[in-house]
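Here is the structure we will look at, set down as structure tokens.
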Amino acid sequence: MTEPRIRPAAPRDAPDIAEIVANAYRYYIPRIGKPPGPMLDDYTAHVADGVVWVIEFGPEIAGILVLLPRPDHMLLDNIAVAPDRQGQGLGRRLLAFAEDEAARRGYPEVRLYTHVTMVENQRLYASIGYEETGRGVQAGYERVFMRKRLASA
């Protein structure tokens, strides 16, 4: 079996990235009442900015990660795994990569947010050491804000 590989996204990947995000987040539209924020992002621009990574098996992109550097933390802006690849540990690999990348760049913590209705995501993040830091409305979405302090910082 081919081992998953994480690499920076290339411009040619943008359509596949947008498709994975759409398919992964489509499930949440009825809960939220509108498309989740990541479905509205411009992945061509994100890829051009060098902030997107993909996890792939051979030539197949199975998941994506968007990391936005901030002055005092790394923002995990989006993580998505193709529905047919969920449950295989790829999301956890991407989360570990995000923490490693943040530590490599000298950040003391990774921050993220998720919609209040995405309770399964909140449980996952809490199970790997993220703590809730607040709740509020941002960009028209009710969000839960979380962070994980990095041991190496």
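The values are calculated or read from the model by the stated rules, or taken from the named source; none is laboratory data. Computed from a predicted structure; not experimentally measured. Reconstructed Cβ throughout: ideal geometry from the backbone, glycine too, with neighbour counts over all protein chains shown.
Among the strands (runs of 3 or more DSSP E) confined to the range 100-153, the ones with at least 3 residues that are in contact (Cβ under 8 Å) with a residue 12 or more places away in the chain and within 17 Å of Pro71 (Cβ to Cβ) are located at 109-115, 141-149. Considered as a group, the residues in the range 47-56 that are surrounded by fewer than 18 Cβ atoms within 10 Å (Cβ to Cβ) and out of contact with any strand residue (DSSP E or B) (no Cβ under 8 Å at 6 or more places or on another chain) include one that is farthest from Ala10 (Cα to Cα), and that residue is Asp49. Condition (residue is within 22 Å of Tyr28 (Cβ to Cβ), surrounded by fewer than 17 Cβ atoms within 10 Å (Cβ to Cβ) and touching a Leu at 6+ places or on another chain (Cβ under 7 Å)) applied to the range 111-121: is it met by at least one residue? Within the range 111-121, not a single residue is within 22 Å of Tyr28 (Cβ to Cβ), surrounded by fewer than 17 Cβ atoms within 10 Å (Cβ to Cβ) and touching a Leu at 6+ places or on another chain (Cβ under 7 Å).
Summed over the range 81-137, residues that are of a type in the set (Val, Ile, Thr) and in contact with a Gly (Cβ under 8 Å, 6 or more places away or on another chain) total 1.
Whether a residue is crowded, with 18+ Cβ neighbours inside 10 Å, at pLDDT below 95 and not polar (S, T, N, Q) was assessed, and Gly140 does not pass this test. Of the listed requirements (1) under 22 Å from Met146 (Cα atoms); (2) not in a helix (DSSP H, G or I), Gln88 misses just one: (1).
On the basis of being touching a Ser or Thr at 6+ places or on another chain (Cβ under 8 Å) and at positive phi, does Gly58 make the cut? So Gly58 fits the description; yes.
Within the range 58-75, residues that are over 22 Å from Pro11 (Cβ atoms) reach partners that are acidic (Asp, Glu) with beta carbons closer than 6 Å, at six or more positions or on different chains, in the pairs His73/Glu109.
The rows are residues; the columns are (1) part of a helix (DSSP H, G or I); (2) modelled with pLDDT of 95 or more; (3) under 20 Å from Leu112 (Cβ atoms); (4) among the charged types (D, E, K, R).
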{"position": "Asn23", "(1), (2), (3), (4)": "yes, yes, no, no"}
{"position": "Tyr27", "(1), (2), (3), (4)": "yes, no, yes, no"}
{"position": "Arg31", "(1), (2), (3), (4)": "yes, no, yes, yes"}
{"position": "Pro35", "(1), (2), (3), (4)": "no, yes, yes, no"}
{"position": "Glu56", "(1), (2), (3), (4)": "no, no, no, yes"}
{"position": "Ile61", "(1), (2), (3), (4)": "no, yes, no, no"}
{"position": "Leu65", "(1), (2), (3), (4)": "no, yes, yes, no"}
{"position": "Leu68", "(1), (2), (3), (4)": "no, yes, yes, no"}
{"position": "Leu76", "(1), (2), (3), (4)": "no, yes, yes, no"}
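Taking the condition of a type in the set (Val, Ile, Thr) and more than 28 Å from Thr133 (Cα to Cα), does Ile64 pass? No; evaluated as a whole, the condition is false for this residue.
Quick one: in the range 60-108, of everything that is under 15 Å from the mean Cα position of the chain (by Cα) and among the acidic types (Asp, Glu), which residue is surrounded by the fewest Cβ atoms within 10 Å (Cβ to Cβ)? Checking each candidate, the answer is Asp100.
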